[in-house]
Structure formats: C-alpha cells, structure tokens
Amino acid sequence: PRMNKSVTCIIGSIAVLALVGGILWYSKTTTQAPIVQGIPDMLVVDAPKAGSVVVSPLSVKGSARGMFYFEASFPIELQDANRQEIAIVPAQAQGEWMTEDFVPFEGTLTFEKPSTPTGFLVFKKDNPSGLPEHDQSFEMSVRFE
C-alpha cells in the first residue's frame with residue numbers, strides 16, 4: 001500500500017508538470033510578441049555590411065517595417081566620423097509600404113570622400129510630426145576607401 005501512494009504521488013506530480021508545461025508552451029505559441037521592439041526588429045540592412053569599405057556611388061539595400069516609412073520613403077544619411085553630413089537620400093520602398101511587415105528598400109548615396117577614414121550610415125524613421133517621441137534611428141559604422 002505504501003508503494004502505491006508513492007507511485008500515485010509521482011504520477012500526479014508528473015501530470016501537474018506536464019499540464020503547467022503545456023500551458024506555458026501554448027501561451028508562448030499563441031501570444032504574439034510586440035512588433036516594435038527597437039530598431040533591430042524594424043530594419044534589416046543587406047548592403048553595405050557594418051564596418052565595410054564604402055565608395056561613391058553607394059547603393060544601400062535592405063528591408064524595413066512599413067511603419068518606418070512615410071509616403072514610401074525614409075532618410076538615409078551618410079556622416080563622417082565627426083558626425084558631419086556627407087550625403088542624404090530617401091530610401092524608397094520597393095513594394096507596398098502600408099503594412100506592418102518588412103518591405104524592401106533601396107537608396108543610392110553620391111558623395112565625395114571625406115577627410116575622416118570612418119563614418120556612419122544613419123537610417124532615420126521618417127517622422128513628419130517632428131515630435132521627438134516618434135524619432136527612431138539606427139546607425140552602423142562604415143569605412144572610406
């Protein structure tokens with residue numbers, strides 16, 4: 001009889017753990033994470049890669065979530081190491097941008113080689129409101145040849 005209580009207790013514990021595990025698994029698979037979790041979830045840069053050498057004309061390609069655009073574009077700015085603007089161009093959506101999904105973009109920057117050996121490529125969420133709480137940007141370092 002004593003062994004039966006132990007077995008029953010063990011089986012009951014396993015059943016409870018399985019139930020809790022199943023509930024946790026179900027809640028993870030059915031609860032969608034927020035779409036906006038900072039820029040890494042908003043923007044993917046395919047070219048150029050961070051830290052790469054860039055020359056003019058610089059073709060920039062990637063994908064951004066639809067809410068990063070306004071009227072199918074957002075600004076891409078090239079800066080030198082002193083944060084001085086070298087060039088700026090609108091990244092153009094290559095598809096329907098009125099979505100929460102990723103939409104491909106392209107932009108080409110034409111510039112003269114700066115005096116600094118490094119700089120930054122800055123992707124700015126288009127913010128026609130001008131309100132600081134709607135500002136978002138992502139930057140990556142680049143090198144000049």
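The values are calculated or read from the model by the stated rules, or taken from the named source; none is laboratory data. These figures come from a predicted structure and were not determined experimentally. Every residue, glycine as well, gets a Cβ built from its backbone with ideal geometry; the counts of neighbours run over all protein chains shown. We work out accessible area using only protein heavy atoms, side chains counted, and drop any ligands, DNA or RNA first. Shrake-Rupley method; radii C 1.70, N 1.55, O 1.52, S 1.80 Å.
Residue 70 versus residue 134, label points 7 Å from Cα toward the beta carbon: distance in nm?
So the two model labels end up 0.5 nm from each other.
Give me the distance in nm between label points sitting 7 Å out from Cα along the Cα-to-Cβ direction at residue 16 and residue 82, one decimal.
Going by the 7 Å Cα→Cβ label model, 6.9 nm.
Could you list log10 I(q)/I(0) for region 95-145 at q = 0.15 Å⁻¹, which the Debye formula gives when each Cα is one point scatterer?
Debye output, listed in q order: -0.64.
Could you pull out which residues in region 108-145 have an amide N less than 16 Å from a spot 7 Å beyond the Cα of residue 94, following the Cα-Cβ vector?
Under cut-off, by backbone N: 108-109.
Could you report the accessible area of residue 96 in Å², rounded to 10, computed with a 1.4 Å probe on the protein chains as they sit in the structure?
120 Å²
Rounded to the nearest 0.05, what FRET efficiency do residue 141 and residue 56 give with R0 = 25 Å and r taken as the Cβ-Cβ distance? Could you check?
0.90
Express in Å², to the nearest 10, the accessible area of residue 113 obtained by rolling a 1.4 Å probe over the protein heavy atoms while all chains stay in place.
140 Å²
Can you give the convex hull volume of the alpha carbon atoms of region 31-145 per residue, in Å³?
Cα convex hull per residue, to the nearest whole number: 103 Å³.
Working out 0.36 nm times the residue gap between residue 113 and residue 9, then minus their Cα-Cα distance, what length gain in nm do you get to one decimal?
Using 0.36 nm per residue and subtracting the Cα-Cα distance, I get 30.0 nm.
So what is the orientation-averaged projected area of region 53-114, using the convex hull of its C-alpha atoms, in nm²?
Projected over every direction and averaged, the Cα hull of region 53-114 covers 4.3 nm².
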